[in-house]
1. Which residue pairs have Cβ atoms under 6 Å apart, sit 6 or more places apart or on different chains, and have a first residue in the range 16-33 that is aliphatic (A, V, I, L, M) and a second that is more than 10 Å from the ligand (Cβ to nearest atom)?
2. At pLDDT below 90, within 16 Å of the ligand (Cβ to nearest atom) and surrounded by fewer than 14 Cβ atoms within 10 Å (Cβ to Cβ), is that true of residue 32?
3. Within the group 9, 14, 39, 24, which residue is of a type in the set (Lys, Arg) and away from the ligand (no atom under 16 Å from the Cβ)?
4. Would you mind stating whether residue 19 is within 16 Å of the ligand (Cβ to nearest atom), more than 18 Å from residue 95 (Cα to Cα) and touching an Asp or Glu at 6+ places or on another chain (Cβ under 6 Å)?
Amino acid sequence: MPDCPSCGKQWHYKDTLKQVLRRKKQCPYCDRAVYVTTKGRWRESTLQMVPLLVWLPLVSFGVAPVIYIPIVITIFVLMYFIIPFYTELSKDEEPIY
Ligand SMILES: [Zn+2]
């Protein structure tokens, strides 16, 4: 789990998960605004691409939608729950690239 760059306390999984989709996050301990680092954004983006990378070959090989849609949705949900493990925080907003 990420450490707050302002107060240094480690966030709990639940706190991190609640703020996965927010660009500007708020530390639950010191209430200061924190941002995901450039490296953290790359990691999150890569994890968000995994369902697409699974979906593409399934569609290419003619797998029926009844089969691939639940698989892709399951992987998407799994990635959402995995992202907090790869989140890194910074005091300042860093450039995307
Ligand atoms: Zn803090």
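1. 17/84; 20/83; 33/24
2. Answer is no for this residue.
3. 39
4. no
The values are calculated or read from the model by the stated rules, or taken from the named source; none is laboratory data. A quick note: this is a predicted structure, and the numbers were derived from the prediction, not measured. Glycine also receives a Cβ, built like all others from the backbone with ideal geometry; neighbour counts cover every protein chain displayed.
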